[in-house]
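The values are calculated or read from the model by the stated rules, or taken from the named source; none is laboratory data. Predicted model only: the values in this text are computed from it and were never measured. Neighbour counts are summed over all protein chains in view; Cβ atoms, including those assigned to glycine, are modelled from backbone coordinates with ideal geometry. SASA here: full protein model, heavy atoms, side chains in, ligands and nucleic acids out. Shrake-Rupley method; radii C 1.70, N 1.55, O 1.52, S 1.80 Å.
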Amino acid sequence: MKIFHCIKNFFPENSGGTEIYAEALCRGLQSFDIEVAILKPSFEKEPNEYIYHGIRVLQYLETSVPDPELIAGLKAPVGIVNFRKVLLHEKPDAIHFHDVAGSNGITIHHVMAAKELAIPVFTTFHLAGNICMKNTFLYKSKYACNGIIGEHKCSVCMLQNKGLLLGTPELISFAGRKFKRKISLNGPGKWFNYPLYVKNHLSRLRKVDQLSEKMFV
């Protein structure tokens with residue numbers, strides 16, 4: 001059996017908690033004679049395969065400078081084509097995503113690509129930011145949040161974090177939901193995007209859950 005672990009960064013360049021967890025999981029699987037590999041993007045550097053302490057690390061080429069549409073999650077990263085090529089060539093029996101965020105990293109488009117190739121998908125959310133868009137689970141930076149995602153609540157919290165005056169986040173959130181704007185990437189209209197950002201975020205989470213055999217949080 002061959003299992004790929006998909007992550008945005010890995011050793012030796014990065015050594016955060018997610019990387020430590022993924023490495024330990026790979027070693028645990030290797031003890032059961034399961035073939036494992038890390039699959040990660042290489043940002044505008046010629047991708048190469050290397051071995052890190054007995055773990056095979058594969059890379060695919062990805063842009064290092066995401067444009068506003070990519071940051072907003074309105075399109076797939078250009079490297080998704082290269083990602084698919086690796087999967088088609090390697091034919092893993094399963095793929096475990098340790099990062100499903102946005103921009104030019106590992107995104108829902110990668111999860112969908114694996115599923116389209118009939119590869120069983122597993123996901124683990126390691127960080128608060130995978131659920132809470134402010135990455136704190138503190139409502140208005142003061143109160144413990146119940147973790148339930150809501151367009152109004154979460155958009156007000158995010159807008160308040162931008163330093164807007166008292167009452168302004170609530171007003172902007174109400175207007176943004178009322179007029180159901182399309183996402184504006186520039187200008188003052190961008191503040192009204194936040195309810196839509198939250199709606200899209202929740203939709204992506206539900207989609208990842210739907211595509212996954214198991215989701216670990």
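Look at the range 152-165: where a residue is closer than 14 Å to residue 142 by Cα and a partner is polar (S, T, N, Q) and in a helix (DSSP H, G or I), sitting 6+ places away or on another chain with Cβ atoms under 6 Å, you get 156/173. Confirm whether residue 19 is acidic (Asp, Glu) and more than 25 Å from residue 118 (Cα to Cα). Yes, satisfied. Hey, can you tell me all the residues within the range 1-55 that are open to solvent by 40 Å² or more (accessible area, probe 1.4 Å) and of a type in the set (Lys, Arg)? Those that are open to solvent by 40 Å² or more (accessible area, probe 1.4 Å) and of a type in the set (Lys, Arg): 8, 27, 45.
When the range 163-179 is filtered for residues that are open to solvent by 70 Å² or more (accessible area, probe 1.4 Å) and either of a type in the set (A, V, I, L, M) or in contact with a helix residue (DSSP H, G or I) (Cβ under 8 Å, 6 or more places away or on another chain) (or both), the ones remaining, listed by number, are 165, 166, 171, 174, 177, 179. When each of 109, 96, 5 is tested for being modelled with pLDDT of 90 or more, within 16 Å of the chain's Cα centre (by Cα) and part of a helix (DSSP H, G or I), the lone residue that passes is 109. When the range 8-38 is limited to residues that are in a helix (DSSP H, G or I) and among the aliphatic types (A, V, I, L, M), the one that is farthest from the chain's Cα centre (by Cα) turns out to be 29.
When residue 97 is tested against (1) within 20 Å of residue 17 (Cβ to Cβ); (2) touching a strand residue (DSSP E or B) at 6+ places or on another chain (Cβ under 8 Å); (3) open to solvent by 20 Å² or more (accessible area, probe 1.4 Å); (4) not charged (D, E, K, R), exactly one condition is not met: (3). Residues in the range 112-131 that are open to solvent by less than 30 Å² (accessible area, probe 1.4 Å) and more than 12 Å from the chain's Cα centre (by Cα): 113, 114, 119, 121.
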